[in-house]
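The values are calculated or read from the model by the stated rules, or taken from the named source; none is laboratory data. Note that the structure is a prediction, hence the values are computed from the model and not measured. Virtual Cβ from ideal backbone geometry, glycine too; neighbours counted across all protein chains shown.
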Amino acid sequence: MIRSPLPSTLGVGILHLGLGAFHRAHQAAFTQDAIAEAGGDWGIEAVSMRNPALAELLNRQNGTYSLIERRPEGPRILEMTVIRKARALPGRVQEVASRMADPAIRIVTVTVTEKGYGASAERRLNLSDPGVAHDLLAPDEPPQSLAGLITAGLAKRRTAGLGGLTVMSCDNLPENGRLLGALVSEFAEEADPSLARWIADTCRFPNSMVDRITPAATDKTFELVESEVGKVDRAAIETEPFRQWVIEDDFAGPRPAWEEAGALIVPDVAAFETMKLRLLNGSHSLIAYLGALSGYPAVRDVVGDAGRRAVVRRHMADSAETLYSAPGLDPDAYADALITRFANPAIDHRCLQIAMDGSQKLPQRIFAPARTQLDTERGIGTFALATAAWIKFAGGRDDNGRGIDLNDPLADNIRRALAASEDSPAARVAAIAGLAGLAHHGVLDNARFLRATVELLSLLDRVGARAAAAVALNSMD
Ligand code: CS2
């Protein structure tokens, strides 16, 4: 195990919301390395949004955990000590909000997954989100939504007479910082327009593109740490060696020297972010649905076959056509590297992990680039294949007849819509196209896209996902 170089006296400068594996593998690792290189009291206080047991576990270990980098040639285990304290949100919302009024805290980072934002298809507060609805209807009760929590914290900061904060989203959403800033501003405007003005004047919400494949930890993770390090660490996580962080240079105050750890601090992250969302995450979703239907457990199993790899590579090439160029951006090289990352034999990334929350992921990964392809009259085949595979997956049965547990905030509506429709591919596609709250960018109203999706869904029904991908590739426009 590689020991952490950080001093045990390290102070806290960052409050993080969302203590999942991704944060512990990505921002925590960049921050630990940045402090090791350039110093600064940038320790992290991390908040578990739903899981008090995880916060307790980390606190029992003084915030330390083992980070396993799964390299094809063998694992590397790092001791992580940058998280100084963990907190649990349930029942302690005001306490967490008050941490934003600590002068030592200069940055709030956020990883709460796509659905955690409570945003509508129009990127405004989603009034059908229970947390958002609660906060707007009961402004005197502790907030339940992300925007409500951040607004409450910023209100406390203003009352304390402190300067503004940098609030940085690290989730896989287009213009994630702008989105979070807009939701907080809309919320604050409701609560107190003078607070909304203070936030606009003093706080910053930079966009950022984050990348590191981080499968959920399993018993194998814990066993490896126990055998290599000689201690039980149930907070251990594993990740791939690759990591990337592109951050918009837009801060309200100081920040860690993340560039010393390899992060890119740039004026505009949009080009990087769009490439990552469409090439990596879009292909991931395509792979996840094909794999889950075929009974392949992991991403590496799906891309282990040349025919399926060709479909995935084609998807990346078609997605690359939707990007605009920017200095330093090389979608072709990125796509080739992605195939190698996906095939990493040491990474066991479950298709079902990626397949969850499709209604929240497909809009930016599949539908938005498909919209561009339709507008420019280019190939839509792999986008329609991903959509058809998702619709089949949402039907709740894989190709071997095994049940699939649909894990999605729209799951009830999806199940109801499919149950009420006839069984034909056309009827199932129409049922999903009509779902309220699905941001499909008009592609599910487009005759060409609908035709392709219906054809591919009927192919999936007939021959199964294992064979369908290669068959479809041959006839794709
Ligand atoms: C994945 C991402 O679960 C998913 O939806 O596509 O978590 C992906 O592994 C990361 O964005 C990689 O950076």
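Is at least one residue of the range 106-117 crowded, with 18+ Cβ neighbours inside 10 Å, within 16 Å of the ligand (Cβ to nearest atom) and small (Gly, Ala, Ser)? Yes, the range 106-117 has at least one match.
Can you name every one of the helices (runs of 4 or more DSSP H) wholly within the range 349-427 that holds 2 or more residues which are out of contact with any strand residue (DSSP E or B) (no Cβ under 9 Å at 6 or more places or on another chain), on the phi > 0 side of the Ramachandran plot and not assigned by TED's automatic domain parsing to the domain that holds residue 321? Outline the logic, then answer.
Details: elements: 351-355, 358-362, 368-375, 381-394, 411-420.
Per the criteria, no element qualifies.
Going residue by residue through the range 157-176, is there one that turns out to be under 19 Å from the mean Cα position of the chain (by Cα) and assigned to a helix (DSSP H, G or I)? Within the range 157-176 (the criterion being under 19 Å from the mean Cα position of the chain (by Cα) and assigned to a helix (DSSP H, G or I)), the answer is yes, since at least one residue qualifies. For the range 437-454, the criterion of being under 24 Å from the mean Cα position of the chain (by Cα), in a helix (DSSP H, G or I) and crowded, with 18+ Cβ neighbours inside 10 Å is met by at least one residue. If the condition is being surrounded by fewer than 24 Cβ atoms within 10 Å (Cβ to Cβ) and either within 16 Å of the ligand (Cβ to nearest atom) or over 28 Å from residue 273 (Cβ atoms) (or both), then the range 153-169 contributes 155, 156, 158, 159, 160, 161, 162.
Can you go through 45, 37, 79, 69 and tell me which one is within 16 Å of the ligand (Cβ to nearest atom), in contact (Cβ under 8 Å) with a residue 60 or more places away in the chain and assigned by TED's automatic domain parsing to the domain that holds residue 133? Unique residue meeting the criteria: 69. Of all residues in the range 278-289, those that are modelled with pLDDT of 95 or more have Cβ atoms under 8 Å from Cβ atoms of residues that are near the ligand (Cβ under 9 Å from one of its atoms) and charged (D, E, K, R), 6 or more apart or on another chain, in 278/365; 280/211; 281/361; 281/365; 282/365; 284/365; 285/361; 285/365.
For the range 225-331, give me every one of the strands (runs of 3 or more DSSP E) that falls completely inside it and has 2 or more residues that are closer than 23 Å to residue 23 by Cβ, of a type outside the set (D, E, K, R) and within 16 Å of the ligand (Cβ to nearest atom). Don't jump to the end; show me each part of the working.
Details: elements: 237-239, 244-248, 264-266.
In the range 225-331, the matching strands (runs of 3 or more DSSP E) lie at 237-239, 244-248.
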